[in-house]
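The values are calculated or read from the model by the stated rules, or taken from the named source; none is laboratory data. Fair warning: this is a prediction, and the values are worked out from it, not measured in the lab. Every residue, glycine as well, gets a Cβ built from its backbone with ideal geometry; the counts of neighbours run over all protein chains shown.
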Amino acid sequence: MITMVEYVHQRVLTYQFDIGVDFTMGNGNDTVFLAQHCREVYAFDIQPMALEMTKKRLIPSSNVHLILDSHEYMDQYLTTFDVGIFNLGYLPNASHQITTMLSSTQKAVQKAIQLMKKALFIVVYPGHEQGYQESLWIDDFVSSLDAHQYHVSCFRMMNKNKAPYVIEIEKKQSMLL
């Protein structure tokens, strides 16, 4: 079975897009992927180490904006985007004490849904306390999105307790006109 990140990358390629956003830069996997497929990319993280690791993985390019700031402040850097990816949790191979936090994730997801043109992907990690709290809020929030405006789907392993899962939010085409 493919990983959740691989699943997201496959799904992202089903859309046509110019501007991509990696809301949680981490090791740069999603940033590098988006840089290969987008005209312009914005990537956010609060940890300088994430920025440095991502910078090393990127081919020098002027189409990627690495931003050392919380994703909740995205609207200070961009006004719209086509496709965005949240990969919640903590930076792999770093301190597990530094994680995405429910308060900033709530603000960021709500803003991202308002700014997106096509789709938003959220990889949720309920296996640690902060991730579990995020999962409860995200599941409830996306379930309440207007079905006339958005398609919301979920990809998860049904036989693994607290396994990561993906939520895909697609803005309906009639909303784009």
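Number of residues in the stretch 103-129 that are of a type outside the set (D, E, K, R), in contact with a Ser or Thr (Cβ under 9 Å, 6 or more places away or on another chain) and more than 29 Å from K160 (Cα to Cα) equals 2.
So which of T79, T100, T105 is hydroxyl-bearing (S, T, Y), surrounded by 16 or more Cβ atoms within 10 Å (Cβ to Cβ) and at pLDDT 90 or above? Please lay out each step first, then the result.
Working: T79 fails: surrounded by 16 or more Cβ atoms within 10 Å (Cβ to Cβ); T100 fails: at pLDDT 90 or above.
Unique residue meeting the criteria: T105.
Annotation note: Cβ proximity below 9 Å between a residue of the stretch 3-25 that is without any contact (Cβ under 8 Å) to a residue 12 or more places away in the chain and under 24 Å from M157 (Cα atoms) and a residue that is among the hydrophobic types (A, V, I, L, M, F, W, C) and surrounded by 17 or more Cβ atoms within 10 Å (Cβ to Cβ) (sequence gap 6+ or interchain) occurs for T14/A119. In the stretch 110-177, counting only strands (runs of 3 or more DSSP E) that sit wholly within it, the ones holding 1 or more residues that are at negative phi, in contact with a Cys (Cβ under 6 Å, 6 or more places away or on another chain) and of a type outside the set (G, A, S) span 165-171.
The lone criterion from (1) modelled with pLDDT of 95 or more; (2) under 25 Å from L13 (Cα atoms); (3) hydrophobic (A, V, I, L, M, F, W, C) left unmet by V124 is number (1).
When the stretch 1-14 is limited to residues that are part of a loop (DSSP other than H, G, I, E, B) and at pLDDT 90 or above, the one that is nearest to the chain's Cα centre (by Cα) turns out to be L13.
Scan the stretch 60-73 and tell me whether some residue there is among the aliphatic types (A, V, I, L, M), without any contact (Cβ under 8 Å) to a residue 60 or more places away in the chain, surrounded by fewer than 21 Cβ atoms within 10 Å (Cβ to Cβ) and not in a strand (DSSP E or B). No - not one qualifying residue is present in the stretch 60-73.
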